[in-house]
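Taking it in order: structure first as structure tokens, then the write-up.
The values are calculated or read from the model by the stated rules, or taken from the named source; none is laboratory data. Keep in mind it's a predicted model, so treat the numbers as computed, not measured. Methodologically, a virtual Cβ is constructed for each residue, glycine included, from the backbone with ideal geometry; neighbour enumeration extends over all protein chains shown. In case anyone asks, the SASA skips ligands and DNA or RNA and just uses the protein heavy atoms, side chains included. Shrake-Rupley method; radii C 1.70, N 1.55, O 1.52, S 1.80 Å.
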Amino acid sequence: MNRTTESATAESAPAHSATAESATAHSATAESATAHSATAESATAESASARSASARSASAESATAESAPALSRRPRIHRAWIVAAVTFVTIIGGAAFNSLPGLLIEPLNDDFGWSYGEIGLAVSIDMALYGLTAPFAAALMDRFGIRRVVVVALSTVAAGALASYWMTAAWQLMLYWGLLVGLGTGSMAMAFSATVTNRWFVARRGLVTGILTAAGASGQLIFLPLCAWIVDEHGWQPATLTVALAAFVVVPFVWLLLRDHPADVGLAPYGGTYVEKPAPVTGAATRAVRVLFEAARTGPFWLLAGSFAICGASTNGLMRTHFIPSAHEHGMEIPAAASLLAVIGVFDIIGTIFSGWLTDRFDARRLLAVYYALRGVSLLFLPMLMAPTVHPTMVFFIVFYGLDWVATVPPTLALCREQYGEDSAIVFGWVLASHQVGAALVAFLGGVARDVTGSYDLVWYASGALCATAALMALVIRRKREPVRDAVGTVDAVGR
């Protein structure tokens, strides 16, 4: 019995051992299965995480592409240059109206007996409104868009020129040519080019300003000889129809090709980064007046406005209005005198573009001082150069004066941008208003001086002295040294 028990115990021990080993094996298998399960879950989680990260990356890239469409579309010619070209053509169309006043003085005097002072008054109203409209036009462009404002302006000047075909009284000249043409051309003044430049360009602003400023001279080059020939051969009335037609022809180009802001076509400004188009600014007139009062509290505004008023007096008011009748008094034919003014337009293009290039590189204050000083010296010699025929000395004067004609615009605009940042277009509009007020005063007073003294000599000498004053005013403008934010949202470091 004892041996039987021991035998049973011995047999039972291996069985228990086998059972334990089996249990151990099952346990190991379970652990292995758990490990495999954990590994599979880890791999699945990593795969899901990778897919999620990839989806987030793709979403971020899609959002970036949507927020900066300019990066995905890079046209061979940036749209800004097309807008600048349309602006150039528009200003040429407006320049047709600025070519006529000097050509109309003697024909209107002969046909109606109106004095030089009466005709000069109508021209002065035109020039004053041209300037006073400009700051409001810049604000209206912010409110309603560049394209709409320019189309209405072109239509207004065309209507004024067309109505003047049937005028028979001096007050009609002041209404049609002074009021309507003045308001219309003022809306396409230099504030127009300043707005286009500020919105569409960050790089090459000085160059573009020079090119757009030269557009006025290009229009003078085209229309002065043409209108002089028409006036000489067919009278003054067909000439008014010609400039009215020029304005109507430009309208379709403006409506089809001009755009208000780079964001309208999904682009960044030339040389800048993409920015959303700002919401329309309400209270355009209020803003223009507010900017005027704010700028008027600063010294640079009065120095810029005063010097630019002298610029207008010595160009639009003096040369454009009175050079042709003055030369005709000395025996020169009207077409020949008009051709000399057209030559001024040729060299004005060169001088203004070159001035824009210089403005990008040199101190704008010193450039202005040089321009005004040279202009004043040349005007002092002009009375001695008047003759029945065109001599080499007169040609030299015309070339020299042409290079200097509106070379003052790029540095003046650069100083406005430096001093007044995002309000610079409106401030420049007010500075331009002073330019045209100066022109209006000399257009009127020059005619009165001619009626009283029988000569324009006093007007030439006085204008030369004023230019010397403008040179001194430019030199005392203080540079602003803190950074200012411009109209497209980028920061320029001024005081360079």
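Numbers at a glance
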{"quantity": "Contact order relative to length of the range 226-357, as percent, for alpha carbon pairs under 8 angstrom and 6 or more apart", "calculated": "19 percent"}
{"quantity": "Percent carbon-and-sulfur accessible area, the range 306-413, ignoring ligands, DNA and RNA, probe 1.4 Å", "calculated": "76 percent"}
{"quantity": "J(HN,Hα) series, the range 81-98, from Karplus relation 6.51 cos²θ - 1.76 cosθ + 1.60, nearest Hz, glycine and proline x", "calculated": "6, 5, 4, 4, 5, 5, 4, 4, 5, 4, 5, 4, x, x, 5, 4, 6, 6"}
{"quantity": "Amide H contacts of PHE201 (H built 1.01 Å from N, under 5 Å, at least 5 apart or other chain)", "calculated": "TYR270"}
{"quantity": "Proximal charge balance of ARG287 [Cβ under 14 Å; K/R count +1, D/E count -1]", "calculated": "-2"}
{"quantity": "Extension reserve of the GLU276-PHE253 stretch, reckoned as 0.36 nm per residue once the Cα distance is removed", "calculated": "5.7 nm"}
{"quantity": "Ranked order, SER434, SER424 - accessible area, probe 1.4 Å, largest first", "calculated": "SER434, SER424"}
{"quantity": "Surface accessible to a 1.4 Å probe, MET174 within the full protein complex, Å²", "calculated": "50 Å²"}
{"quantity": "Overall dimensions of the range 206-349 by Cα: Rg and Dmax, Å", "calculated": "20.5, 60"}
{"quantity": "Note, ³J(HN,Hα) from phi for the range 292-305, Karplus 6.51, -1.76, 1.60, rounded to Hz, x at Gly and Pro", "calculated": "4, 5, 5, 5, 5, 7, 10, x, x, 4, 5, 5, 5, 5"}
{"quantity": "Residue order for TYR461, TYR274 - accessible surface, 1.4 angstrom probe, largest first", "calculated": "TYR461, TYR274"}
{"quantity": "Rounded percent of accessible protein surface that carbon and sulfur make up, the range 117-273, 1.4 Å probe", "calculated": "68 percent"}
{"quantity": "At 1.002 mPa s and 20 °C, Stokes diffusion of the range 148-268 via Kirkwood alpha-carbon radius, µm² per second", "calculated": "134 µm²/s"}
{"quantity": "Heavy-atom accessible area ranking, 1.4 Å probe, most first, across VAL265, VAL181, VAL452", "calculated": "VAL452, VAL265, VAL181"}
{"quantity": "Rounded accessible area of VAL390 (nearest 10 Å², 1.4 Å probe)", "calculated": "70 Å²"}
{"quantity": "Kirkwood Rh, angstrom, the range 159-225 [1 / mean 1/r, Cα pairs]", "calculated": "13.9 Å"}
{"quantity": "Computed E for GLU294/ARG478 - FRET, C-beta separation, R0 25 angstrom, nearest 0.05", "calculated": "0.90"}
{"quantity": "Per residue accessible area in Å² of the range 336-382, where ligands, DNA and RNA are left out and the probe is 1.4 Å", "calculated": "39 Å²"}
{"quantity": "Cα-based equivalent ellipsoid of the range 109-213: semi-axis lengths in Å, sorted from largest, via gyration tensor", "calculated": "32, 14, 10"}
